[in-house]
Amino acid sequence: MDLTSYAELAVLLVNLGDECGNSATVRKLLEETGRTEAAARLTRRDVDALCELRDELAEVFQSASGGDEDDVVERLNGLLVRHPVHPQISGHDGQAWHLHLTEGGRVADTLAVGSVMGLASVVTGLGVDRLGTCQAAPCRNAYLDTSSNRSRRYCSERCASRANVAAYRARRRAPESA
Ligand SMILES: [Zn+2]
Ligand SMILES: [Zn+2]
């Protein structure tokens with residue numbers, strides 16, 4: 001059980017945006033993050049459930065980005081009630097004993113429990129301000145700020161350089177100040 005990788009999964013889900021209804025896209029995301037078993041079992045119902053979760057997780061990031069810590073906590077607590085943890089010790093595939101957050105349920109349930117626990121652990125361990133949304137409009141992608149000085153403002157290098165170019169052009173257009 002790696003809660004940071006689950007928090008990253010929450011970010012990836014949010015950033016699917018409208019693509020979250022596309023089964024092939026969701027399956028690809030799961031495969032690319034090493035969740036091949038979940039990818040193989042993914043059903044249409046899972047995709048629909050993950051889309052609903054995606055919207056709720058996006059709200060969490062929006063609130064965090066706006067500095068509304070109480071709202072972030074309230075939303076995450078609501079999600080924790082609806083996606084309860086049923087921990088089990090597992091040692092599959094010759095791995096050392098490790099905890100699984102939930103066992104035997106639908107793929108969407110497992111991923112929901114993981115994503116919500118991942119975000120809850122970031123918020124309690126590192127702080128609400130570690131969750132943000134990209135400041136390079138119109139991009140609204142979510143990100144996790146793992147920088148040591150909490151300076152992250154963009155979802156990607158691409159958005160950061162786009163914002164820098166826009167700021168540079170705005171300065172050049174601005175009239176000379178006396
Ligand atoms: Zn395992
Ligand atoms: Zn962005």
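With the cut-off at 1.5 for a/c, could you classify the stretch 6-114 from its C-alpha gyration tensor as rounded, prolate or oblate? Intermediate results must be reported in sequence, preceding the final value.
On the way: a/c = 1.99, a/b = 1.29, b/c = 1.54.
It is oblate, given that a/c is not under 1.5 and a/b is not larger than b/c.
Checking the a/c ratio against 1.5 first, then a/b against b/c, what shape does the Cα gyration tensor give for the stretch 61-123? Mind showing how you got there, number by number?
Numbers: a/c = 3.18, a/b = 2.30, b/c = 1.38.
It comes out prolate by the Cα gyration axes.
How would you classify the stretch 1-46 from its alpha-carbon gyration tensor, with a ≥ b ≥ c the square roots of the eigenvalues: rounded for a/c under 1.5, else prolate if a/b is greater than b/c, otherwise oblate?
Details: a/c = 2.05, a/b = 1.20, b/c = 1.71.
Oblate shape, in that a/c is at least 1.5 and b/c is the bigger or equal ratio.
Taking 22 Å as R0, compute the FRET efficiency from the Cβ-Cβ separation of Arg169 and Asn149 and round it to 0.05.
Numbers: r = 27 Å, r/R0 = 1.23.
Computed FRET efficiency for Arg169 and Asn149: 0.25.
Counting helices only, and only those DSSP H runs with n ≥ 4, report the 222 nm mean residue ellipticity of the chain as the sum of -39,500 (n - 2.57) divided by its residues, in deg cm²/dmol to the nearest 500.
On the way: 7 runs with 100 residues, N = 178.
After summing the helix terms and dividing by the residues of the chain, the value is -18000 deg cm²/dmol.
Wrap a convex hull around the Cα atoms of the stretch 122-178, take a quarter of its surface area, and give that in square nanometres.
Working: hull surface 21.0 nm².
Quarter of the Cα hull surface area: 5.2 nm².
Leaving out ligands and nucleic acids, and using a 1.4 Å probe, what accessible area per residue does the stretch 98-178 come to in Å²? Mind showing how you got there, number by number?
On the way: 4820 Å² over 81 residues.
On a per-residue basis, 59 Å².
Hey, what did the chain get for relative contact order, percent, Cα under 8 Å, at least 6 apart?
Details: 206 pairs, mean separation 42.8, N = 178.
Normalised by residue count, the contact order of the chain is 24 percent.
Could you pull out every residue, at least 5 positions away or on a different chain, whose amide H is within less than 5 Å of the one on Gly132? Hs are placed 1.01 Å off N in the peptide plane, and Pro or chain starts have none.
Tyr143, Asp145
Separation between the Arg162 and Cys139 pseudo-spin-labels, each 7 Å from Cα along Cα→Cβ, expressed in nm?
Going by the 7 Å Cα→Cβ label model, 0.6 nm.
Give me the percent of the accessible area of the chain that comes from carbon and sulfur atoms, probe 1.4 Å, all protein chains in place.
Details: 5210 of 10500 Å².
Solvent-exposed carbon and sulfur of the chain make up 50 percent of the total.
The values are calculated or read from the model by the stated rules, or taken from the named source; none is laboratory data. Here the structure is a predicted model, which means the values were calculated and not measured. Note: ideal-geometry Cβ built from the backbone for every residue, glycine included; neighbour counts use all protein chains shown. These accessible areas exclude ligands, DNA and RNA; they are computed on the full protein's heavy atoms, side chains included. Shrake-Rupley method; radii C 1.70, N 1.55, O 1.52, S 1.80 Å.
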